[in-house]
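Since every read-out is calculated from the coordinates, none of them should be taken as a lab result. Here the structure is a predicted model, which is why all the values come from computation and not from measurement. Positions of Cβ are backbone-derived with ideal geometry, glycine not excepted, and every protein chain shown enters the neighbour counts.
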Amino acid sequence: MSSATLSSVQLSLLMGPIAPSPVSSDIIESLASAEVHIDDVGQSGFQLVFSINKQSSLQTLFILSGAVPLLFMRVVLVATVNGTANVLIDGVITNNQLAPGDKGSNSTLTITGKDLTALMDQSDWSGFPYPACPPEARVAIICAKYSMFGVIPFIIPSIMIDVQLPIEQIPVHQGTDYQYARQLASDVGYVFYIDPGPAPGMSKAYWGPQIKVGPVQPALSIDMDAYTNVESMSFTFDQERNKIPLLYIYNQETGVSIPIPIPPITSLNPPLGAIMGLPTNLLPPDLKPWRDDVPKLPIPQAIMQGLAQAAENAEGVTCEGSLDVTRYGGVLKARQLVGVRGAGPAFDGLYYVKSVTHKIKRGEYKQSFTLTRNGLVSTVTNVNV
């Protein structure tokens, strides 16, 4: 596998139509920089910048693929840190730009792309029927179309399983595969995304609740002398962000709708901060459902959506920062927990990694990140170092 060594980091690149393969050594040597952005629930993207000459095999690669849509030109970027391989992105090219060199200098080729959800967002399948299929089955059918790209579905059934008789109603597809999978997830308070790895050429299509529990990554340490492993960190506490969703239950005997607040704490979204901001919407005129169509929804569905909305609203503490991967000793991953220490008693403790951006140049590998949690003061006494 072609690779470039950045101190204790080894970078590997695979490219090709549909099934990617390791690129030649001259291509990996011409890679000037790479940037990958990972969001916890949205589409992830990448940008590769190459410094190439007129005889570069990259020129030939794109000439030979000229008759093939760019979206079928796949890119897999793998970073191996201290012996551990991390698939940073598995996606497809959506755009490329070539800036010719001047006075004999090399040209600059910039390749931009998105993760494999870009393939799912191309064709409109509106009207395709799903007789006797609950949402989980529909998502499985959608993901099956992309098995040739190594996409493996990971689907968690919801409590809202509702199989309608075909003689009564047949669910139909709405929009693209990506739009419909996200809509089905939103209907039951779930999320949908594609997570690359664990091996190059494989990806997990996750459809289920947003999970904020699990293994904790090594702590991010600030202002701790020799133990400091981040370059910068800044914290924000937004007191007004916490708005508890309200579910209105109509009592037929009294003719009165009773508002029931939905708490943001669940077994999959435990409190990471001990002191939360007070809800700011429990008095008129804010005493209303979080969406106009909530009163029309079935109660279980409204509760599931409300729990997801409550968890998002409760993320009052935000941390933004940057680190050097070689000093941190590993790759900070999104959608997982991480510890923070050295920031003071109000902000130390566990956080959820909401997004990361990998910025790689020859001899340099840095990450910027965004962390969130629901309140101040840690709920744990120690974090993993």
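Where in region 71-87 is the amide nitrogen less than 15 Å from a point lying 7 Å along the Cα-to-Cβ axis of residue 112?
71
Tally Lys and Arg at +1 and Asp and Glu at -1 over the other residues with C-beta under 11 Å from the C-beta of residue 31: what net charge comes out?
Once positives and negatives cancel, what remains is 0.
So what's the back-of-envelope 222 nm ellipticity for the chain, counting only DSSP H runs of four-plus at -39500 (n - 2.57) apiece and dividing by all residues, rounded to 500?
-4000 deg cm²/dmol
Among the listed pairs 114/333; 145/212; 212/296, which have their C-alpha atoms separated by more than 25 angstrom in this model?
With Cα atoms farther than 25 Å apart: 145/212; 212/296.
Rounded to whole Å and ordered largest first, report the semi-axes of the equivalent ellipsoid of the chain derived from its Cα gyration tensor (root of 5λ).
Working through the eigenvalues yields semi-axes of 40, 30, 16 Å.
Normalised by the residues of the chain, what does the relative contact order come to in percent, with Cα pairs under 8 Å and at least six apart?
Averaging sequence separation for qualifying contacts and normalising by length gives 17 percent for the chain.
In sequence order, what are the phi-derived ³J(HN,Hα) couplings for region 367-372 according to the Karplus relation 6.51 cos²θ - 1.76 cosθ + 1.60 with θ = phi - 60°, rounded to whole Hz, with x for glycine and proline?
Per residue, the Karplus-derived 3J(HN,Hα) values read 9, 9, 8, 10, 10, 9 Hz.
Tilt of helix 299-313 relative to the longest C-alpha principal axis of the chain, in degrees (0 to 90, nearest 10)?
Taking the Cα atoms of the chain, the angle to 299-313 is about 50 degrees.
If I model a spin label as a point 7 Å beyond the Cα along the Cα-Cβ vector, how far apart are those points for residue 381 and residue 29 in nm?
5.7 nm
Please report the antiparallel percentage of DSSP beta bridges with both residues in region 135-208, rounded to the nearest 5.
55 percent
Subtract the Cα-Cα distance of residue 137 and residue 266 from 0.36 nm times their separation in residues, and report this length gain in nm to one decimal.
43.9 nm
Report the extension gain between residue 183 and residue 293 in nm, rounded to one decimal, defined as 0.36 nm multiplied by the number of residues separating them, less their alpha carbon distance.
Answer, rounded to one decimal: 38.1 nm.
Using a Förster distance of 56 Å, how high is the FRET efficiency between residue 147 and residue 253, based on the Cβ-Cβ distance and rounded to 0.05?
0.60
On a 0 to 90 degree scale, rounded to 10, what angle separates helix 177-187 from the longest Cα axis of the chain?
Here the helix axis deviates by roughly 30 degrees.
Counting GluC sites (Glu not before Pro) as exposed when in a DSSP loop with at most 15 other beta carbons within 10 Å, what is the longest stretch of the chain free of them?
Counting only loop sites that pass the neighbour cut-off, the longest clear stretch is 1-167.
What Kirkwood Rh does region 135-208 have if only Cα atoms enter the pairwise 1/r average? Answer in Å.
When all Cα pairs of region 135-208 are included, the Kirkwood radius is 13.0 Å.
From a point 7 Å beyond the Cα of residue 234 in the direction of its Cβ, which residues of region 310-333 have a backbone N at a distance under 14 Å?
318-322
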